[in-house]
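The values are calculated or read from the model by the stated rules, or taken from the named source; none is laboratory data. Because the structure is predicted, anything quoted here is derived from the model rather than measured. Using ideal geometry, Cβ is built from the backbone for each residue, glycine included, and neighbour counts are taken over all protein chains shown.
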Amino acid sequence: MNSSSSVNNSADPSSKKPMLWINPGRTAAALPGNSWAGKQIGEKDIHDANSRFLRFSSVLRTLFPELDKSNGIIESPLFRVPTLQSELGLPMNCGMLFIKADHTLPIAGSIKARGGIHEVLEFAEHIGLENGLITSTDPSNLISPTGKQLLSQYRVAVGSTGNLGLSIGVIASALGFETTVHMSADAKEWKKKRLRDRGVNVVEHEGDYAAAVAAGRAEAEKDAYCHFVDDESSFSLFSGYSAAALTLKKQLAEQAITIDADHPLFVYVPCGVGGAPGGIAFGLAHVFGPNVHCFFAEPTASACFLVAMMDRSGSNPSVYDRGLDNRTEADGLAVPQASECAVAVMRPVLSGVFTVEDETLFKHVHTAAITENLRIEPSAAAAFDGPHWLACSAQGSEYLAHHKLLPYLANSIHVIWTTGGLFVPDMEYDKFFERGARSNVNSQA
Ligand SMILES: Cc1ncc(COP(=O)(O)O)c(C=O)c1O
């Protein structure tokens, strides 16, 4: 059944005003066969990525002693946030609010740890298998002296606004790859320094994220030994993110929460090029079927996924085509054009996209700290308005009514994905916090 939404989608991203757009193409029936650049993809890919993380757990634990506590597993907690819930204006009779705290993910300090680390592990495993150094069940020889010598003959490159570069740079250099990160003009100084301190070659570009990716891709194409991590089109990245859905299901079950038709799950994830939130939404759709409803959050100036999803011409427009300037303080989300592959997979899956102004991001950074002691970066605060949009706006109410969810709203679970922040230096973080504090005071005055 195609339950196309009849919600009034009259708002226009060119207005630069925050808005919620409902996806008329979401199908409430079982997830149809998806494809990624012509390749059939499905549930097996989610399990394969998860198995790879498990297979590499002892390698990761050896390389990163901070993973001792988790036995080499890179994961983040899921917890209830009642004080934040009331501060964000989600009435208690509209469900329970949780945070999925990817801002605490070890090694990279952001959601990018998932996809980025997965892709580098897959590349290393491929080289190890091809050279007869490891088996398909045990990759541990990759960190033997012979393994490191082998991997050091290869290079890894990536284009990034910052956080993907951090994750790729840290894992690739730890495995012994020569690593180059092409950074866009939006990337923060401290992220470049953190990489350079680890011996990563950081190339700074004057242009935006798309330009940094294009420059990195072009350079890697000239080098047969160089693997380019392509944020716009890599399925390995995407599947790495998708494995998070399996953990989320386990974490909900541990808290005695079942998701079904009477207990729907709403998930709100910040979106840049769309790989990370897309991978997660893809995984969740497989795990929870029609009972999960995923919404992406973007800065008003960089609403590339929204612009792409709204477009039916097939031209994959950029935000510049809609009169937006891609200028945002949310460096991780400063992307002018969405991944076409992620947009194609999300067309039948995504519930909607909402946008947020920069000043609101700072307010949320401050609110997250004072209500629940969460230390997040501005990009990671993009999804905070999601529950309020759903429960308290006309578009949200129409969505709930259209999907016959209103009777179950009180039983529902809302998960805001906080996507980065762990390694933000104190001086930077204090500026975010103070700006948010001032904005919050001004809006109360
Ligand atoms: C903190 C943070 N959140 C969300 C995202 C969005 O991920 P994607 O660009 O894959 O959509 C990014 C991307 O770098 C990020 O740094």
The stretch 328-357: number of residues that are over 18 Å from the mean Cα position of the chain (by Cα) and at pLDDT 95 or above: 1
Residues (of a type in the set (A, V, I, L, M, F, W, C) and more than 15 Å from the ligand (Cβ to nearest atom)) located in the stretch 377-425: W389, L390, A391, C392, A394, L400, A401, L405, L406, L409, A410, I413
For S242: the one exception among (1) more than 15 Å from the chain's Cα centre (by Cα); (2) surrounded by 21 or more Cβ atoms within 10 Å (Cβ to Cβ); (3) within 14 Å of the ligand (Cβ to nearest atom): (1)
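To keep it simple, each residue is scored yes or no on (1) in a strand (DSSP E or B); (2) more than 22 Å from I22 (Cβ to Cβ).
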residue	(1), (2)
R194	no, yes
A210	no, yes
E219	no, yes
Y268	yes, no
A281	no, no
P290	no, no
L306	no, no
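Matching residues to (1) within 16 Å of the ligand (Cβ to nearest atom); (2) crowded, with 22+ Cβ neighbours inside 10 Å:
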{"residue": "A303", "(1), (2)": "yes, yes"}
{"residue": "L306", "(1), (2)": "yes, yes"}
{"residue": "G332", "(1), (2)": "yes, yes"}
{"residue": "Q337", "(1), (2)": "yes, yes"}
{"residue": "E340", "(1), (2)": "yes, no"}
{"residue": "E359", "(1), (2)": "no, no"}
The lone exception for H364 - which of (1) within 18 Å of S443 (Cα to Cα); (2) more than 16 Å from the ligand (Cβ to nearest atom) it fails: (2)
Failed item, numbered, when P277 is tested on (1) out of contact with any Asp or Glu (no Cβ under 9 Å at 6 or more places or on another chain); (2) away from the ligand (no atom under 12 Å from the Cβ); (3) farther than 16 Å from A210 by Cα: (2)
Counted residues, the stretch 157-182 - those being touching a Phe, Trp or Tyr at 6+ places or on another chain (Cβ under 8 Å), part of a helix (DSSP H, G or I) and either among the β-branched types (V, I, T) or more than 16 Å from the ligand (Cβ to nearest atom) (or both): 1
For R55: the one exception among (1) closer than 23 Å to A342 by Cα; (2) touching a residue at least 12 places away in the same chain (Cβ under 8 Å): (1)
Matching residues, the stretch 100-128, being within 16 Å of the ligand (Cβ to nearest atom), surrounded by fewer than 23 Cβ atoms within 10 Å (Cβ to Cβ) and β-branched (V, I, T): T104, I107
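A256 - would you say it is assigned by TED's automatic domain parsing to the domain that holds I416, of a type outside the set (S, T, Y) and either crowded, with 24+ Cβ neighbours inside 10 Å or within 11 Å of the ligand (Cβ to nearest atom) (or both)?
no
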One residue from E219, E206 being touching a residue at least 40 places away in the same chain (Cβ under 8 Å), over 19 Å from the mean Cα position of the chain (by Cα) and not assigned by TED's automatic domain parsing to the domain that holds T328: E219
Residue check, V273 more than 17 Å from F123 (Cβ to Cβ), modelled with pLDDT of 95 or more, not small (G, A, S) and not in a helix (DSSP H, G or I): yes
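Going residue by residue through the stretch 192-199, is there one that turns out to be in contact with a helix residue (DSSP H, G or I) (Cβ under 6 Å, 6 or more places away or on another chain) and surrounded by fewer than 17 Cβ atoms within 10 Å (Cβ to Cβ)?
Keep residues of the stretch 192-199 that are in contact with a helix residue (DSSP H, G or I) (Cβ under 6 Å, 6 or more places away or on another chain), which gives 195, 198-199.
The next check asks that each one be surrounded by fewer than 17 Cβ atoms within 10 Å (Cβ to Cβ); those that pass are 198-199.
So far as the stretch 192-199 goes, yes, one or more of its residues are in contact with a helix residue (DSSP H, G or I) (Cβ under 6 Å, 6 or more places away or on another chain) and surrounded by fewer than 17 Cβ atoms within 10 Å (Cβ to Cβ).
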Any chance K192 is modelled with pLDDT under 95 and over 26 Å from the mean Cα position of the chain (by Cα): no
Test result for A297, within 16 Å of the ligand (Cβ to nearest atom), part of a strand (DSSP E or B) and in contact (Cβ under 8 Å) with a residue 60 or more places away in the chain: yes
Pairs, first on the phi > 0 side of the Ramachandran plot in the stretch 355-380, second surrounded by fewer than 24 Cβ atoms within 10 Å (Cβ to Cβ) and charged (D, E, K, R), C-beta under 6 Å, six or more apart: none
Sole residue being of a type in the set (A, V, I, L, M), assigned by TED's automatic domain parsing to the domain that holds R80 and farther than 25 Å from L31 by Cα, chosen from A344, A338, A330: A330
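Does D223 count as crowded, with 23+ Cβ neighbours inside 10 Å and assigned to a loop (DSSP other than H, G, I, E, B)? Talk me through it step by step, then tell me what you get.
Details: crowded, with 23+ Cβ neighbours inside 10 Å: no; assigned to a loop (DSSP other than H, G, I, E, B): yes.
Criteria not met by D223.
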